[in-house]
Amino acid sequence: MDTLVSARRVLLGPPGELIDDGAVLVRDGVVADVGPRAEVAARAPHAVAGYSCPGGTVLPGLIDAHVHLVLDAGPDPVATLAATDDTALVRDMAERAVRLLDTGVTTVRDLGDRNHLAVRLRGEIAAGRLPGPRILTAGSPVTAPGGHCWFLGGEARGAEAIRETVRRNVEHGVDVVKVMATGGGLTRGGPAIWQAQFTEEELRLVVEEAGRAGLPVAAHAHGTPGIAAAVAAGVATVEHCTWMGPGGFDVREDLVAEIAARGIAVCPAAGPGWRGFARRFGAERAEEMFTRMRRMHERGVRLLTGTDAGVGHAVFDDFVSSLEFFEHIGFSPAEIVVLATHGTAQALGIGHDTGRLRPGCRADLVAVDGDPLTDLQALRAVRLVLQGGRPHLVGAASRR
Ligand SMILES: [Zn+2]
């Protein structure tokens, strides 16, 4: 049956595009019609399920470009993961997927799972057997032996092993290839967070092998040498991009310009607890890091919304606190709404059918109370989510 969702205003995705007193007609998982409510209702068939949000806003579903469904967001996600077998893990991942959906997130990019369990969950959700956001998944991230997130199963040393690790992910049907270009905070005993794990040549192999399958590469990179190598190798996105060096920050303006010129997108992956950086690193250093993101954006670098959900204390049900990071660095609520929908969809290469509401696009949409264009907090009042046209009443799964 068709579904008609109407609201005080309908945001279409691109900046400034909205319809007052609008409606969206959904059929077979896609947007069939969108426009002023009276006109869409007149064109709609009689048998239609209606949802009305007279004081609220309908907008494209939100996109979280950096999650880890295999991690539990507890104090020690790595230990919890090690103690969880695959059967229990898939169940946990499905529950986390529902939390994301409850907050209006209809697309996630899962940047590192174990045993390709996110691919399996992706299939269950796509087939309508489980509720959850659409999943774009990376499988096991390519990493150095004993390197960042080695426990996810993607360790590789040398050209052939690197190619083989990428191919294995491709065979499992991943949507993107993830490579750990530098160390990371999550992994005990691995390289330091600023240290590169691969040479530029090795990262080129990753990009080349992924490219054979038509897949983009997402590079986890904190340290400047790793960022430089990833950019030169031609990755599609840089995750974190914190410009760390052995003795402090080491920003290279020439690289910032190159990231912008090549259209490489940067995901700050600032989780809901991003304010905690100030407690851990000192207010001044944290502010320096935050401001750097704004400067990169001002110089033309495309940013992605993402939470790193699953790592320590990065919960799956507080996307808005993560979006407040962008408010902190000077984005207006209206700019953030565009960034979290149309902007991130475009930068991820899925903008042709995601992140906007127009006929033919996926029926991924959210209805919230209030107006998120003037108050970001309105995004917390999610009333209805449609993912691929399937209605999800918020909280329904958790009450089960
Ligand atoms: Zn991550």
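The values are calculated or read from the model by the stated rules, or taken from the named source; none is laboratory data. Since this is a predicted model, take the numbers as computed values, not measurements. Here the Cβ is made from the backbone with ideal geometry for all residues, glycine too, and neighbour counts use every protein chain on show. Only protein heavy atoms, including side chains, enter the accessible area calculation; ligands, DNA and RNA are left aside. Shrake-Rupley method; radii C 1.70, N 1.55, O 1.52, S 1.80 Å.
Find how many whole Å separate the alpha carbon centroid of the stretch 321-400 from the alpha carbon centroid of the stretch 196-216.
Taking the Cα centre of each part, the stretch 196-216 and the stretch 321-400 sit 32 Å apart.
Given the DSSP H assignment, sum -39500 (n - 2.57) over each helix run of at least 4 residues in the chain and divide by its residue total; what's the result at 222 nm in deg cm²/dmol, nearest 500?
Details: 13 runs with 127 residues, N = 400.
So the helix-based figure for the chain works out to -9000 deg cm²/dmol.
Give the carbon-plus-sulfur fraction of the accessible surface of the stretch 62-317 in %, rounded to a whole number; probe 1.4 Å, heavy atoms of protein chains only.
Ligands and nucleic acids excluded, carbon and sulfur reach 51 percent.
What ³J(HN,Hα) values, in whole Hz, does the Karplus curve 6.51 cos²θ - 1.76 cosθ + 1.60 give for the stretch 137-149 when θ = phi - 60°, with x put for Gly and Pro?
10, 9, x, 8, x, 6, 9, 6, x, x, x, 4, 6
Residue by residue through the stretch 105-119, what is 3J(HN,Hα) from phi via Karplus (6.51 cos²θ - 1.76 cosθ + 1.60, θ = phi - 60°)? Round to whole Hz and write x for glycine and proline.
7, 10, 9, 10, 9, 8, 9, x, 10, 10, 6, 6, 5, 5, 5
Calculate the dipole size of the stretch 62-317 relative to its Cα centre from +1 charges on Lys and Arg beta carbons and -1 charges on Asp and Glu beta carbons; express the result in debye to the nearest 20.
Its charge dipole is roughly 300 debye.
If I take all pairs of Cα atoms in the stretch 213-316, what percentage of them are more than 17 Å from each other?
Considering the stretch 213-316, 52 percent of its Cα-Cα pairs are separated by more than 17 Å.
State the Kirkwood hydrodynamic radius of the stretch 34-162 in Å, one decimal place, computed from all pairs of distinct Cα atoms.
It is 17.1 Å.
Taking only C-alpha pairs under 8 Å that are 6+ residues apart, what is the relative contact order of the chain in percent?
Normalised by residue count, the contact order of the chain is 20 percent.
Mind running the shape call on the stretch 147-264? Use the C-alpha gyration tensor, a ≥ b ≥ c as the square roots of the eigenvalues: rounded below 1.5 for a/c, prolate if a/b tops b/c, oblate otherwise.
oblate
When averaged across all projection directions, what area in nm² does the alpha-carbon convex hull of the chain cover?
18.3 nm²
Name the residue from 306, 54, 350 whose Cα lies farthest towards the positive end of the charge dipole of the chain, charges +1 on Cβ of Lys and Arg and -1 on Cβ of Asp and Glu.
54
Any chance you could check the Cα centroid distance between the stretch 1-24 and the stretch 180-194 for me, in angstrom?
44 Å
Ordering 89, 18 by how much accessible area each has at a 1.4 Å probe, largest first, what is the list?
If we order 89, 18 from most to least accessible, we get 18, 89.
In nm², what is the average projected area of the convex hull enclosing the Cα atoms of the stretch 293-400?
8.0 nm²
From the Cα gyration tensor of the stretch 201-254, with a ≥ b ≥ c the square roots of its eigenvalues, which class applies: rounded if a/c is under 1.5, or else prolate if a/b is larger than b/c, or else oblate? Don't skip to the answer; put the middle values down first.
On the way: a/c = 2.85, a/b = 2.42, b/c = 1.17.
Here the stretch 201-254 falls in the prolate category.
Using θ = phi - 60° and the Karplus curve 6.51 cos²θ - 1.76 cosθ + 1.60, what whole-Hz ³J(HN,Hα) does each residue of the stretch 229-239 get, with Gly and Pro shown as x?
For the stretch 229-239, the Karplus-derived couplings read 5, 5, 5, 5, 6, x, 5, 8, 9, 10, 8 Hz, x marking Gly and Pro.
At q = 0.18, 0.21, 0.23, 0.24 Å⁻¹, what is the base-10 log of I(q)/I(0) for the stretch 331-375 according to the Debye formula with one equal point scatterer per Cα and no solvent? Please give it to two decimals.
-0.56, -0.73, -0.83, -0.88
Using alpha-carbon positions, what is the distance between the centroids of the stretch 83-99 and the stretch 248-267, in Å?
So the separation of the two Cα centres works out to 36 Å.
Take every DSSP beta bridge with both residues inside the chain and express the antiparallel ones as a percent of the total, to the nearest 5.
50 percent
For the chain, report the accessible area per residue in Å² (1.4 Å probe, heavy atoms, rounded to an integer). Don't skip to the end; give the middle numbers.
Values: 15340 Å² over 400 residues.
Result: 38 Å² of accessible area for each residue.
Between rounded, prolate and oblate, where does the stretch 1-48 land on the alpha carbon gyration tensor, with a ≥ b ≥ c its root eigenvalues, rounded for a/c under 1.5, else prolate if a/b exceeds b/c?
oblate
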